[in-house]
Every structure is written in structure tokens, then in C-alpha cells.
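Only one structure is covered here, and it is reproduced in the block below.
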Amino acid sequence: MATAKAKTINYEACRKGGTVSIPGVYGGFVDKVPLGAAFNKGLTMKMGQTHVHRYLRPLLDRVQKGEIDPTFVITHRMKLDEAPDTYEIFKHKKDNCIKVVLKP
């Protein structure tokens, strides 16, 4: 789930009459979305579940070929037995945690 600041920037950066796309995974109730600003700018919002099954194989192929490097998003690498503590770090975004890789 994006931070409130990131959500606000999306709407501020979009031109009048533009479209804000929010692909992802359902995250429950969302607050701090500047609907008034979006309404005043006449923005269109498009959102929905990410089509994982459609894109997974082609993306994995590109990663394996070295065409895409997703490692920039990994902020933490931990041992598998540290998973419970690591989840708390991730959940509360401590230490600027974005993505964790757990290793056995």
C-alpha cells in the first residue's frame, strides 16, 4: 500500500483531465486519497487487480535473460527464521523497508 504522500503526489502530478492508474492487489479500506483535488482536476481513476497469471511467465523470462533487474526494490535480506521479526519491520515500514527476500 502506498504512503499517503505517494498517493497525493500521484494526483498532483497528473495533468488536468488526465488518468491515474492504480494497479495492484486489493488492500482494504483506503483513506487520505485527495478525492476533492482529483474531482477538481477532472481526473479519471483506473484501478484493478494486477493480472499476475498473464504477466508472470513473460516477466520471469525477461528477468532470467537479464533484460529486467528487479533487485532495486529489495531493501532487506534476512534468514527464514527471522521472518516473524522481519514481518514487523515490513508491516510498519521500519528502516525504510520496501521488499524483503528471505533465505533458508
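Return the tail of the calculated pair distribution for the chain, meaning the percent of Cα-Cα pairs more than 24 Å apart. Could the numbers behind the result be given before it?
Numbers: 2420 of 5356 pairs.
Across the chain, Cα pairs with separations above 24 Å total 45 percent.
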Quick one: pull the percentage of alpha-carbon pairs in region 54-104 with a separation above 17 Å. 48
Cα-based reach from Lys46 at 19 Å (exclusive), listing aspartates and glutamates while leaving out same-chain residues under 8 positions away: Glu12, Asp31
How far is helix 52-64 tilted, in degrees, relative to the longest principal axis of the Cα atoms in the chain, given as a value from 0 to 90 rounded to the nearest 10? 60
Run the accessible area of the chain with a 1.4 Å probe and give the carbon-and-sulfur part as a rounded percent. 59
Per-selection Rg to Rh, region 25-64 - Cα, Kirkwood hydrodynamic radius: 1.20
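What pairs from Lys16/Lys93; Lys79/Lys99; Lys16/Lys99; Lys32/Lys94; Lys16/Lys91; Lys65/Lys103 go past 25 Å between their alpha carbons? Walk me through the numbers before you get to the answer.
Working: Lys16/Lys93 32 Å; Lys79/Lys99 14 Å; Lys16/Lys99 33 Å; Lys32/Lys94 21 Å; Lys16/Lys91 34 Å; Lys65/Lys103 23 Å.
Result: Lys16/Lys93; Lys16/Lys99; Lys16/Lys91 exceed 25 Å.
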Test of understanding: what is the full-extension gain from Tyr87 to Lys41, defined as 0.36 nm times their sequence separation minus their Cα-Cα distance? 12.7 nm
Using the heavy atoms of the protein chains alone and a 1.4 angstrom probe, what is the accessible area of the chain per residue in square angstrom? 84
Residue-averaged [θ]222 nm for the chain, counting only DSSP H segments that reach four residues, each worth -39500 (n - 2.57): -11000 deg cm²/dmol
Once the Cβ-Cβ distance between Arg15 and Ile98 is put in as r, and R0 is 30 Å, what FRET efficiency do you end up with, to the nearest 0.05? 0.60
On a C-alpha basis, how far is the centre of region 68-85 from the centre of region 9-58 in Å? Whole number, if you could? 26
For Leu43, what residues show an amide H to amide H distance below 5 Å, using hydrogens built from the backbone and excluding near sequence neighbours? Gly17
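The values are calculated or read from the model by the stated rules, or taken from the named source; none is laboratory data. These figures come from a predicted structure and were not determined experimentally. Every residue, glycine among them, receives a Cβ derived from its backbone with ideal geometry; neighbour counts consider all protein chains shown. Note: accessible area is taken over every heavy atom of the protein model, side chains too, but ligands, DNA and RNA are not part of it. Shrake-Rupley method; radii C 1.70, N 1.55, O 1.52, S 1.80 Å.
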